[in-house]
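The values are calculated or read from the model by the stated rules, or taken from the named source; none is laboratory data. On a predicted model such as this, the values are computed, not experimentally measured, just so you know. Because the Cβ atoms are built from the backbone with ideal geometry, glycine has one as well, and the counts that use them run over all protein chains shown.
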Amino acid sequence: MQIVEYVGLDTSRVSAQYEKVRAALERDDFRQAQVKKLSNLTHGHFYRAKLDYANRLLFTLIRHGDHVCALMLEVIEHHAYEKSRFLRGVAIDEDRIPDVDALTSDGATPVRYLHPECREIHLLGNILSFDDTQDAIYREPVPLIISGSAGSGKTALALEKLKQVDGNVLYVTQSAYLAQNARDLYYSHGFGHPRQDATFLSYREFVESVRVPPGREVGWREFASWFTRQLPFRGLDAHQSFEEIRGVIGADANGALRREQYLELGVSQSIFPADERNRLYDLFERYQAWLVEANLYDLNLVAHVWRALASACYDFVVVDEVQDLTDAQLALILATLKNPDQFMLCGDANQIVHPNFFSWSKVKTPFWRDETLALRQQLKILQTSFRNAHEVTRIANTLLKIKQRRFGSVDRESNFLVMPVGDEAGSVSLIAGSDSGTKVLNDRTRQSTRFAVLVMRDEDKAQARTHFQTPLIFSIHEAKGLGYENIILYRFISGYPAQFDAIAQGVTANDLMDDNLENRRARDKTDRSLEVYKFYVNALYVALTRATTHVYLIESDLGHPLLQLLGLQQRVEGIDAKTQTSTREDWLKEARRLELQGKHEQAEAIRELVCQQPAVPWRVFDEAWLRDTMDRVFRQPASGSRSRQQLLEYACSYDEPILVRWLATRVRFDAARHLEQQRATLGRKHLSAYFSACSREVLQHCDRYGVDHRTPMNQTPLMAAAAAGNVALVESLLERGANPEATDHLGRNALHWALLEAFRDARFARGPFAALYERIAPPSIDLMSGERLVRIDRHLSEYLLVQTLWALFKSRFAVPGGRARGGFEAASILDAWRDLPDHILAPERKHREYLSGLLSRNEITRDYSYNRHLFTRLAQGWYQFNPALAVRCRDASGESWVPLYEALNVRLIAESADPRYLSHINALMEKAHLAPLSPPIVASGGREVPKALPSPVRPLASHAGFSVGDIVSFTDKALHTRTGTIVRLNQKTAAITCADSEWHWRVSYLLLRRSTA
C-alpha cells in the first residue's frame, strides 16, 4: 500500500518507530503494525497503528480511481485520543476497538487528483494533492500574485500559504460567504496556529473593522430605483452609469476623480465617450448628495475617507478574488500592512462581473514604482481546473479565444486557456427556447437541487420564472461563489443580441483553431469595445463555469454568430437530462446554504414553493406569551391553575428561581414549592422526545413545520437537542440545514443551551458536550466596539468567555441577596468551567490568574494595544459586558447592529429578576443609552414587592448561620472543591445538592463556606 503524509504530520519524537510502522503498512503487514479501526466515529473512517507502548499513529484511507493509499495524519501521544485534532474529542477505549488484518477500499475518501510522486497531502476541508505548478507556488516567497481560473486552487494555495505565517494575519475577499467558507476550510480538521491570529473578512466587514460606516451599503437595486427618477439623465444606460461611477470616477486609489481629471481620461479608461462625460459627472454629484439623504454609503467613497483611519496592524494579508475590488478598495486593504511586501493577491480577470476596470497591469503598477518591490514582485499563473468537466472547459476556453481575438489581450497575465483535470466528460447542450423544449427541461429539473437557472440581470428573472418552476433562479451578479452539477442558461445571448453580435463581430472559426493564446493588443487604440462589452462576455464565462458537469443553453436565435463560433448546435435527439427529485431534506439544506451566502430571495422561494410549512399547532411560550401570562397570574389572582402550571413549566425550563418563588408565595401555587425536584421533571417535560435515541418524532415535525420551527418552550429543535445532549440528533438536524445561530427570546442559541447544561452537569460536560461544541459553536461573534467591528473568532481566548457570560447573563440577576452586583467575578466563571474538556479549554486557562488577566485586558478603560473593549468593571473583581457594545444580528431580511443589552433582552430579564437588582439593571441601561425599565409586571400588581426575598416554603431552623437555599462550597474527600445548594438542615450537617451529582452530600457545618457567586 502506498503511504502519503499530511503536510502537518510531526514524527520527530518517534521517528524510528514511525519508520517501522510505515514500512509494515507499505508491505500490507497490518498485524505487525497492530492496526485497529476506530468504529465509534460518525465523521470519517480512521485507523490507528501502534508505535510503542504509549504512542499511536492515526491514519485514514484515500482513493484515486482504483488506487488506494494510507494517509498518515497524526501521532497520538500517551493514548490521549481526546486531544486528537481529527477525532473531535470523541472518547476512545482501545480495549474495545477491533484489530484489522486487511484494509479494504470501503470507506476510503475519493480524491479528484493525486500526484504520482509527491507524498505530501494538504487538508482544507477536503484532501488535496498539489500538482507541480501549485507545489512550486506553495514554496515561493511573498509578495505573490496568482492568476487562475475558477476551480484552479487559488484559494487553497492562499490558505496553505497563510498557515506558514506568524503574527496577525488577514484574509479578505468581496463575498462574506467566501470569507466564511475560507475560514471554515482553514480551521477544518482541528487546525490551529499558536503563534498566529487569523481574521477572515469580506471587504465590507474589513471596512467595518476600520470603522462601521453609518447607514446601509448602496447596491444596484437602490441605484436603479433612484436612477429612474432622474429625468435630466434619461438616455443614459443605468447599468453603464452605475459601473462608471463605481469603477471609474470613484475607484481611483488617490480619491474620487475631479471633473477635470475625469474629462481627461483616455478612450480606453472610460465606458462613455468624451462628449457624455460632463453629464456623467453631473450624475455623480447628484449621486453623492442622494447617498447622504438616503443614509446609504458607497464602499469606494468610504475607502477614500477611511484611508486616514487605517492603521498598520497586519503582518500578512491575503486578498482573494481581487478582480472584484477597485483600486481604492485594494489600497485601503494594503494600507493595514506593517510591512508593505507581505501580501498575496489571487484572482481571475475573466470573472469580472462587478463594476470596475480591473487589470493585472493596474494591480502591479504601484509595486513596480517601488524598485525593491519590483525586484521581488512575482505573478504566477494556474492553468489547471479541478472543478469543471472537459466539455464545459472546452466551451469556456473557446469563449476566451473569441474574447481575445475580438478585443485583444486584457493583459499578459490573463492570456491563457484552462486545462481540466479528471475523467468527467460533461456536456454543453443548445436547446430551442420553445415552449415544448423548456417544458420538458422544466419537468425534469424543477424538483432537483442539482439544477440552477442563470439569467444575465435581475430584471430577466421574471421571464425565466414563466418557464421554470425551480426556486433556484439567479442573476449573474448572484452567481459568484455558486456551483451546481447542472446549469441552465436562459436567454443569455438571445436576450442581448446586439451586444453579443458585437462580441462575435469579425471573428471566424479559423481564428479559433490555435489552442495557444497570443499576447496581442487591440489594433485600434480608440476602440472602447472591451470596456463596453466586457460585462457580457465575462458574465457568459462565469455562467458556464458555475456548472461542474452539464450546461443547457436555452436560446431563441439558434443561429446566432456567437453560438456558431462556440460550436454549439441544437440537440435533435432530445434532452438528455434525467428527471431528478430531491428530498425535502435536500431542499432544506440548500435553503440554509443559500442563506449563508446571503441569497435570501432564493432561500425564501424554496420554503414557499417547495417546502410549504404550516405554523406549529401548539402555543409557543415566547416573550409575548410570557408577559401576557405573568400579567394574568400576578395581576389577576383569580386566574385559573392552567396559566400558573404553564408559567411553572416555563420557569423550570428556563431556570427562573425568582419566578418560581413568586408563584409559591404570591399566588400560593403549591406545585412551585420544590424547585429542585420540579426542575428535573417539569424542566425536561418538553424535551422528552429529544432525549430519545429514536428521533423519528422530532424529524417528522421538522419535515412538517421546518427544521427551525419552535417547540412549546420557544426553542428550535437544535437548541432542544443540544440541551438534551443528543449528538446524533444534532448531526441529523445540521444535515437538514438547522441554523446554529437561531436564538430564543433571551438571545441564546444552541451553544448557550449546551453550555448551561455543561455548567450544571459534570457528566454532560465530560460526555456529549465536546462533540456538541465542535458541531454547533458558531465560528465567530461580530461585535461593534468603539464604532468598529470586533470579530471574536472561535479560536480566540475571548470567544468562550463571551459565550459563557452570554449564557449565564440572566442568572446574574437571580443570585440571592444581591451579592453578584449584576455582574461576574472570576470564581463563578471558573466554577462554571470546572468540568469542561481540556481540548476546548486548556487546563492552564482554568486558573484565576489567566482569567483575571483576560477580563482586565479587555476592560474598556485598559490601555492595551489588543484591547477589544468587551467588559466594564462594576467593582474590584466584578465585570459585566461593555454597555456600549452592539452585536450583529441576522434574519431573513438581512443584517443589522443591535445594542448588546437589547439582544440579551434585558427588559424581559428584569421581569423575573430579584428586585434588588433592578437598580443595577437600570444603571446598565443608562450606560447603554437605552430607555429605563418600565415598572415590572409583578411590582405593578396589587401587592408590593417585599424588601427582602421571602423565606423558603416550610422554613427550617438556621444552623451555624446557614439556611435552606444558601449556595455553599466545600472540599470533598478527593480534595475537589464542590459548589451546591442547601436543601435540608440537620442537627450537625447540611444536605447539599450539587449539579454534578445525583445524590445529596451531607457535610458538617464546620466544612462549609459561603459561595461568593
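Condition check ((1) within 21 Å of the chain's Cα centre (by Cα); (2) buried (at least 19 other Cβ atoms within 10 Å of the Cβ); (3) modelled with pLDDT of 95 or more) across all residues:
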{"site": "E735", "(1), (2), (3)": "yes, no, no"}
{"site": "A738", "(1), (2), (3)": "yes, yes, no"}
{"site": "N749", "(1), (2), (3)": "yes, yes, yes"}
{"site": "A754", "(1), (2), (3)": "yes, yes, yes"}
{"site": "A758", "(1), (2), (3)": "no, yes, yes"}
{"site": "A770", "(1), (2), (3)": "yes, yes, no"}
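Per-residue answers, yes or no, for (1) within 27 Å of I245 (Cα to Cα); (2) modelled with pLDDT under 95; (3) touching a helix residue (DSSP H, G or I) at 6+ places or on another chain (Cβ under 9 Å); (4) not in a strand (DSSP E or B):
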| site | (1), (2), (3), (4) |
| --- | --- |
| E285 | yes, no, yes, yes |
| C346 | yes, yes, yes, no |
| N350 | yes, yes, yes, yes |
| H354 | yes, yes, yes, yes |
| A374 | no, yes, yes, yes |
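Looking at (1) assigned to a helix (DSSP H, G or I); (2) surrounded by fewer than 19 Cβ atoms within 10 Å (Cβ to Cβ); (3) on the phi < 0 side of the Ramachandran plot, can you tell me which one H78 breaks?
(3)
Which numbered condition in (1) in a strand (DSSP E or B); (2) at pLDDT below 95 is the only one that R246 fails?
(1)
Within the bounds of region 943-963, is there any residue that is at pLDDT 80 or above, surrounded by 13 or more Cβ atoms within 10 Å (Cβ to Cβ) and either touching a Cys at 6+ places or on another chain (Cβ under 8 Å) or not assigned by TED's automatic domain parsing to the domain that holds F634 (or both)?
No: zero hits.
What strands (runs of 3 or more DSSP E), lying completely within region 1-68, carry at least 1 residues that are basic (K, R) and on the phi < 0 side of the Ramachandran plot?
Working: elements: 2-6, 36-38, 46-50, 56-64.
The strands (runs of 3 or more DSSP E) meeting that bar are 36-38, 46-50, 56-64.
Looking at S852, S865, S828, can you tell me which residue is surrounded by fewer than 17 Cβ atoms within 10 Å (Cβ to Cβ), hydroxyl-bearing (S, T, Y) and more than 19 Å from D197 (Cα to Cα)?
S852
What are the pairs, 6+ residues apart or on separate chains, where a residue within region 179-192 that is over 16 Å from Q164 (Cα atoms) has its Cβ under 6 Å from a residue that is of a type in the set (G, A, S) and outside any loop (DSSP other than H, G, I, E, B)?
Sorted first by the residue in region 179-192, then by its partner, the pairs are A179/S202.
Of everything in region 263-283, what is part of a helix (DSSP H, G or I) and in contact with a Leu (Cβ under 8 Å, 6 or more places away or on another chain)? Give them in sequence order. First the steps, then the outcome.
Quick first cut of region 263-283, residues part of a helix (DSSP H, G or I) only: 263, 267-269, 274-283.
Of everything in region 263-283, those that are part of a helix (DSSP H, G or I) and in contact with a Leu (Cβ under 8 Å, 6 or more places away or on another chain) turn out to be S268, A274, E276, R277, N278, R279, L280, Y281, L283.
Which of the residues belonging to region 60-88 are under 17 Å from A108 (Cα atoms) and either among the charged types (D, E, K, R) or over 30 Å from the mean Cα position of the chain (by Cα) (or both)?
R63, H64, G65, D66, H67, V68, C69, A70
Pairs please, first residue from region 330-347 and more than 19 Å from D252 (Cα to Cα), second anywhere and part of a helix (DSSP H, G or I) and among the small types (G, A, S), Cβ atoms under 8 Å, 6+ apart in sequence or on different chains.
Close Cβ pairs (under 8 Å, with a partner that is part of a helix (DSSP H, G or I) and among the small types (G, A, S)) amount to M344/A158; C346/A158.
Can you find a residue that is surrounded by fewer than 21 Cβ atoms within 10 Å (Cβ to Cβ) and under 21 Å from P778 (Cα atoms) anywhere in region 125-135?
Yes, the conditions are met somewhere in region 125-135.
So, in region 176-214, how many residues would count as being of a type outside the set (S, T, Y) and in a helix (DSSP H, G or I)?
Of the residues in that region, 17 qualify.
Pairs under 7 Å by beta carbon, first residue without any contact (Cβ under 8 Å) to a residue 24 or more places away in the chain in region 718-733, partner not in a helix (DSSP H, G or I), six or more apart or different chains?
Short answer, once both residue conditions are applied: none.
So D631 ticks every box in (1) in contact with a helix residue (DSSP H, G or I) (Cβ under 9 Å, 6 or more places away or on another chain); (2) of a type outside the set (A, V, I, L, M); (3) in a helix (DSSP H, G or I) but one. Which box is left unticked?
Here D631 meets the rest and fails (1).
Consider region 424-440. How many of its residues are under 34 Å from the mean Cα position of the chain (by Cα) and touching a residue at least 60 places away in the same chain (Cβ under 8 Å)?
4
All but one of (1) within 34 Å of the chain's Cα centre (by Cα); (2) part of a helix (DSSP H, G or I); (3) not polar (S, T, N, Q) hold for L417; which doesn't?
(2)
Please go through region 253-276 and pick out each residue that is at pLDDT below 95 and crowded, with 19+ Cβ neighbours inside 10 Å.
Scanning region 253-276 gives A253, S270, I271, F272.
Among the numbered conditions (1) out of contact with any helix residue (DSSP H, G or I) (no Cβ under 6 Å at 6 or more places or on another chain); (2) in contact (Cβ under 8 Å) with a residue 24 or more places away in the chain; (3) assigned by TED's automatic domain parsing to the domain that holds I909, tell me where T861 comes up short.
In the conditions (1) out of contact with any helix residue (DSSP H, G or I) (no Cβ under 6 Å at 6 or more places or on another chain); (2) in contact (Cβ under 8 Å) with a residue 24 or more places away in the chain; (3) assigned by TED's automatic domain parsing to the domain that holds I909, T861 misses (2) alone.
Looking only at region 525-534, decide whether some residue is outside the structural domain of I352 (by TED's automatic domain parsing), at pLDDT below 95 and touching a Lys or Arg at 6+ places or on another chain (Cβ under 6 Å).
Taking region 525-534 and keeping what is outside the structural domain of I352 (by TED's automatic domain parsing), we get 525-534.
Next, only the ones that are at pLDDT below 95 stay: 525-534.
Then keep just the ones that are touching a Lys or Arg at 6+ places or on another chain (Cβ under 6 Å); that gives none.
Scanning region 525-534, I find no residue that is outside the structural domain of I352 (by TED's automatic domain parsing), at pLDDT below 95 and touching a Lys or Arg at 6+ places or on another chain (Cβ under 6 Å), so the answer is no.
Let me spell it out: the conditions are (1) touching a residue at least 40 places away in the same chain (Cβ under 8 Å); (2) touching a strand residue (DSSP E or B) at 6+ places or on another chain (Cβ under 8 Å), and G481 meets all of them except one. Which number is the exception?
(2)
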